[in-house]
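Visitor: Would you mind keeping the following structure in view while I ask a few things?
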């Protein structure tokens with residue numbers, strides 16, 4: 001039989017996990033997922049050169065996958081920060097002749113970088129406990 005204090009602690013933890021506030025939702029991870037999907041779909045929304053198509057689609061795919069993985073393992077968000085820097089540099093090198101593609105790559109990369117720096121509430125709570 002479990003001691004009463006342990007049972008109350010377990011019940012309290014279950015109640016806390018069921019009553020998640022909106023602020024506890026990892027919105028930055030979902031933001032990165034959305035940006036990754038946007039980068040992938042932007043390839044089909046306006047004309048891109050072959051190099052610019054690859055520089056938007058591949059980082060977009062990787063950002064999306066890492067965003068999904070970081071929902072379960074929050075430290076993986078730093079991989080998206082690395083991918084954001086890669087996207088920015090690759091865009092600067094390859095899409096300079098296409099203004100819309102250039103702007104899309106730079107702005108998307110900066111947004112992914114910013115969202116990657118925001119910790120999830122769940123990861124903050126895990127560190128404190």
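Visitor: Which of (1) over 14 Å from residue 34 (Cα atoms); (2) touching a helix residue (DSSP H, G or I) at 6+ places or on another chain (Cβ under 7 Å) is the odd one out, the single condition residue 71 does not satisfy?
Guide: Just one mismatch for residue 71, condition (1).
Visitor: While we're looking at this one, here's another question. Exactly one condition in (1) under 30 Å from residue 25 (Cα atoms); (2) assigned to a helix (DSSP H, G or I); (3) modelled with pLDDT under 95 is false for residue 111; which is it?
Guide: In the conditions (1) under 30 Å from residue 25 (Cα atoms); (2) assigned to a helix (DSSP H, G or I); (3) modelled with pLDDT under 95, residue 111 misses (3) alone.
Visitor: Being crowded, with 20+ Cβ neighbours inside 10 Å and over 23 Å from residue 100 (Cα atoms) is the filter; apply it to the stretch 44-73 and report the residue that is nearest to the chain's Cα centre (by Cα).
Guide: Checking each candidate, the answer is 67.
Visitor: Something else about it: Which numbered condition in (1) modelled with pLDDT under 85; (2) in a loop (DSSP other than H, G, I, E, B) is the only one that residue 52 fails?
Guide: That leaves (2) as the condition not met.
Visitor: Check residue 32 against each of (1) within 14 Å of residue 67 (Cα to Cα); (2) modelled with pLDDT under 90 and name the one condition it does not meet.
Guide: The number of the failed condition is (2).
Visitor: Something else about it: In this structure, is residue 14 surrounded by 15 or more Cβ atoms within 10 Å (Cβ to Cβ), at pLDDT below 90 and either under 14 Å from residue 109 (Cα atoms) or out of contact with any strand residue (DSSP E or B) (no Cβ under 6 Å at 6 or more places or on another chain) (or both)? Spell out how you get there, then give the answer.
Guide: On the way: surrounded by 15 or more Cβ atoms within 10 Å (Cβ to Cβ): no; at pLDDT below 90: yes; either under 14 Å from residue 109 (Cα atoms) or out of contact with any strand residue (DSSP E or B) (no Cβ under 6 Å at 6 or more places or on another chain) (or both): yes.
So residue 14 does not fit the description; no.
Visitor: Let me ask another. Within the stretch 95-104, work out how many residues are touching a residue at least 40 places away in the same chain (Cβ under 8 Å) and either under 27 Å from residue 73 (Cβ atoms) or not in a helix (DSSP H, G or I) (or both).
Guide: Final tally of qualifying residues: 3.
Visitor: Any idea how many residues of the stretch 77-91 are within 12 Å of residue 32 (Cα to Cα) and either surrounded by 19 or more Cβ atoms within 10 Å (Cβ to Cβ) or touching a residue at least 40 places away in the same chain (Cβ under 8 Å) (or both)?
Guide: Selection size over the stretch 77-91: 4.
Visitor: Also, quick follow-up: Which of the residues belonging to the stretch 32-43 are over 17 Å from residue 111 (Cβ atoms) and within 9 Å of the chain's Cα centre (by Cα)?
Guide: none
Visitor: Can you run down the residue pairs with Cβ atoms below 7 Å, 6 or more apart or on separate chains, where the first is in the stretch 28-48 and on the phi > 0 side of the Ramachandran plot and assigned to a loop (DSSP other than H, G, I, E, B) and the partner is crowded, with 20+ Cβ neighbours inside 10 Å and modelled with pLDDT of 95 or more?
Guide: none
The values are calculated or read from the model by the stated rules, or taken from the named source; none is laboratory data. These numbers were taken from a predicted model, which means no experiment stands behind them. Neighbour counts are summed over all protein chains in view; Cβ atoms, including those assigned to glycine, are modelled from backbone coordinates with ideal geometry.
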